[in-house]
Amino acid sequence: MQTWEQLQETQPNVVRMLKNSILKNRIAHAYLFEGGRGTGKKAVGIQLAKSFFCINKTGAEPCNSCIECKRIESGNHPDVHFLSPDGLSLKKEQIKDLQREFSKKSVESKGKIYLIEHADKMTNQAANSLLKFLEEPDGQTIAILLTEQVQQILPTILSRCQILNFQPLTADLLLQKLLQQGVPAHLGKIVASLTNNINEALAIISDDWFAQARNIVIQLNEVLLKRGHHALLFLHENWLSHFKEKEQLSVGLDLLLLWFKDLLYIQIGEENSLIYIDQKELLEAQSMRFSQKKIVDDLTVILEAKKRLNANVNPSLLMEQLILKLQEG
Ligand SMILES: [Zn+2]
């Protein structure tokens, strides 16, 4: 449960616009909320429904405790309907059911709201049924369509909706939110560089594998700093057994990339940008050893390795070649 004020932190434009419409009593008949996963589309849709029905709101802010708010929160409001794909697609029958439901008007009702998740998953027949529905607004019905794939929505539907664009979370804002949830800073900082989705970030952090992966990347750099030929040994004894799957190795390379970016930050004096905030000593020792050109070359080599990983090169061969390159110079 979030307030408009909280939602506004992540989606300032969308929320400002909607709050304004609520205050002026000018809510549109159909909205399309467009944006990536985890950008708060559904939360904003639910909040809009609460603002519409709440019997005790302050300005645009619903009270969250009246019967209307509570029923919406629990998904049991008779005039607020949620639709999501049944299996792989949203089917015509689902839209028809919704229309039948909406044709039963209750006398006391203020209006009706329906929210369709993954609206891009509508079959053509479903989309055409919905289109008719959108074309005949009875003045009291509000449609909220959500999508991550706006380019897959029929233009005829788009043209009948007010389209609101949900921006991805910035790394800074995501980090703030993670810290608020008690995530340690050294992990928050790194995960916020890998994703802009808060749920994904929390899932990554809750998996002990990730914290270990980070440690292995740090250890590899300790070994690289000592030189000698231990790096290949470390690769076979520690690295390859942790980054077994292709996706895991891809995360490993991302973590390594962030490490080398940190080396560059140290060299150009941008220490505020460091990702491995608790590893300054090691980063400084390593960056003294390397020229700026060497670090930039190494970044290129790691990026190359990522590309080759996607081209299905044997992972242990790929890593051996990468380590040898990093050891050079
Ligand atoms: Zn309320």
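The values are calculated or read from the model by the stated rules, or taken from the named source; none is laboratory data. If you're wondering where the values come from, they're calculated on a predicted model, not measured in any experiment. Note that we place each Cβ from the backbone using ideal geometry, even for glycine, and neighbour counts take in every protein chain shown. The area values use the complete protein model at the heavy-atom level, side chains included, leaving out ligands, DNA and RNA. Shrake-Rupley method; radii C 1.70, N 1.55, O 1.52, S 1.80 Å.
Ligands, DNA and RNA excluded, the heavy atoms of residue 16 present near 130 Å² of accessible surface to a 1.4 Å solvent probe. Here the range 207-327 yields Rg over Rh of 0.94, to two decimals, using C-alpha coordinates and the Kirkwood radius.
Across bins of 20 angstrom width beginning at 0, how are the C-alpha pair distances of the chain distributed, in whole percent? Spelled out per bin, shortest first, that is 26, 41, 27, 5, 0.
The alpha-carbon positions of the range 4-168 define a convex hull whose volume is 111 Å³ per residue.
Given their separation in residues at 0.36 nm each and the Cα-Cα distance between them, residue 88 and residue 304 gain 74.2 nm when the chain is fully extended.
Model label points for residue 104 and residue 226, set 7 angstrom from Cα along the Cα-to-Cβ axis, are 7.3 nm apart. Considering all C-alpha pairs of the range 86-194, those separated by over 23 Å amount to 47%.
Each principal axis of the range 45-95 carries a Cα extent, and these read 40, 17, 13 Å when sorted largest first. Using Cβ point charges alone (K and R +1, D and E -1), the dipole size of the range 207-327 about the Cα centre works out to roughly 480 debye.
Rolling a 1.4 Å probe over the protein heavy atoms of the range 207-327, with every protein chain left in place, gives an accessible area that is 51 percent carbon and sulfur. Taking the centroid of alpha carbons for each part, the range 175-194 and the range 1-50 are 25 Å apart. Per-residue surface analysis assigns residue 41 an accessible area of about 20 Å², computed on protein heavy atoms at 1.4 Å probe radius. Counted without the sites themselves, the longest stretch of the chain free of GluC sites (Glu not before Pro) in a DSSP loop having at most 12 other beta carbon atoms within 10 Å is 109-244. Note on the chain: helix-only mean residue ellipticity at 222 nm, from DSSP H runs of 4+ residues weighted -39500 (n - 2.57) and normalised by residue number, equals -17000 deg cm²/dmol. Within the chain, the whole DSSP H helices whose Cα atoms reach 15 Å or more along their own axis and whose mean Kyte-Doolittle score is at least 0.0 are 12-23, 41-53, 208-226, 246-267, 315-327.
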